[in-house]
1. Filtering region 166-192 down to residues that are within 11 Å of ligand 2 (Cβ to nearest atom) and within 19 Å of residue 208 (Cβ to Cβ), which residue is surrounded by the fewest Cβ atoms within 10 Å (Cβ to Cβ)?
2. Restricting to region 188-208, count the residues that are within 19 Å of residue 162 (Cα to Cα) and within 16 Å of ligand 1 (Cβ to nearest atom).
3. So residue 142 clears everything in (1) away from ligand 1 (no atom under 16 Å from the Cβ); (2) without any contact (Cβ under 8 Å) to a residue 60 or more places away in the chain; (3) farther than 20 Å from residue 182 by Cα; (4) touching a strand residue (DSSP E or B) at 6+ places or on another chain (Cβ under 8 Å) except one condition, right? Which one?
4. Which ones in region 70-81 are part of a loop (DSSP other than H, G, I, E, B) and within 16 Å of ligand 2 (Cβ to nearest atom)?
5. Collect the residues in region 6-21 that are at pLDDT 90 or above and assigned to a helix (DSSP H, G or I), keeping them in residue-number order.
6. Kindly check whether there is at least one residue in region 91-98 that is closer than 20 Å to residue 183 by Cα, within 16 Å of ligand 2 (Cβ to nearest atom) and in a loop (DSSP other than H, G, I, E, B).
7. How many of the residues making up region 88-125 are modelled with pLDDT under 90, more than 11 Å from ligand 1 (Cβ to nearest atom), in contact with a strand residue (DSSP E or B) (Cβ under 9 Å, 6 or more places away or on another chain) and within 24 Å of residue 275 (Cβ to Cβ)?
8. Among the numbered criteria (1) under 21 Å from the mean Cα position of the chain (by Cα); (2) within 11 Å of ligand 1 (Cβ to nearest atom), which single criterion is violated by residue 128?
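The values are calculated or read from the model by the stated rules, or taken from the named source; none is laboratory data. Remember, predicted model here, so these are calculated numbers, not experimental data. Every residue, glycine among them, receives a Cβ derived from its backbone with ideal geometry; neighbour counts consider all protein chains shown.
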Ligand SMILES: *Cc1c(COP(=O)(O)O)cnc(C)c1O
Ligand code: SF4
């Protein structure tokens, strides 16, 4: 099956696939006239995610993550194109270093989805044809870096050859002891994540390996994500998850509790719960700090400490994420 049959780029085809059973839910999430048919940040949804929506207990939540809403067009004071200061922190075209001795690589501009609340939705992404060489060259002159984070876009969207080249270029630098991957593919494109398994299995022999998935809602986890996480864990990866706190999606103690517990059954520990980055076009997803703190207090009462994520916000210019 080729890629074209695995992703929807047309909202109409996506809605048709969801079928009449979902019509009422869709009307509830985006009433007539509120759907943005030609958003600036184009629609993209995998068939896998559409299948998750079809079997979800809270399909509204998943639909809100993916369906373009006209509210994205609103200009809201304080919401900007580069909310987390990525552009001033860019060291080489694809390297972003904000924190001491750790660097983040924008491995590719391509993602497995286009989440409507994406903090990089206005980022001037460009695919870098020779990301492996650029990262290798940069690391040559930065021998203090001990952790390299592959982010993006989604690093697992690189072709197997490009992904291997990138990892090899990093492995040439003995100073790098930890390799971290930030990915949403276990829930968006588990099929694509699995294509990298041969290499992912080998990596723990060369680095401490950490995978930080991005899962926002328990309905995003199913037997396919379980398969991906299970294989990684068996190969020696440490598995963590980050979520974004999102109005109408996961801003209830029930949902957050369920998410933590379901992640844990799949071998993943909650790491961060992010307060929304103020990118243009995401203001309608915002949860106030007061409500966010109350939610964390509530789930702290319901869960063991190791299942309570750290509530943080990214502030441009700070030397770490900031606790809320
Ligand atoms: C978030 C981020 C990291 C990772 O931070 P941790 O607190 O270690 O998860 C690293 N580099 C950049 C540029 C980041 O934005
Ligand atoms: S997976 Fe992450 S980078 Fe990609 S669209 Fe979603 S939020 Fe943005």
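1. Per the criteria, the residue is 182.
2. 1
3. Failing condition for residue 142: (1).
4. Of all residues in region 70-81, those part of a loop (DSSP other than H, G, I, E, B) come to 74-79, 81.
79, 81, listed by residue number.
5. So in region 6-21, the residues at pLDDT 90 or above come out as 6-20.
Selection gives 11, 12, 13, 14, 15, 16, 17, 18, 20.
6. Looking through region 91-98, at least one residue is closer than 20 Å to residue 183 by Cα, within 16 Å of ligand 2 (Cβ to nearest atom) and in a loop (DSSP other than H, G, I, E, B).
7. Residues in region 88-125 being modelled with pLDDT under 90, more than 11 Å from ligand 1 (Cβ to nearest atom), in contact with a strand residue (DSSP E or B) (Cβ under 9 Å, 6 or more places away or on another chain) and within 24 Å of residue 275 (Cβ to Cβ): 4 in total.
8. (2)
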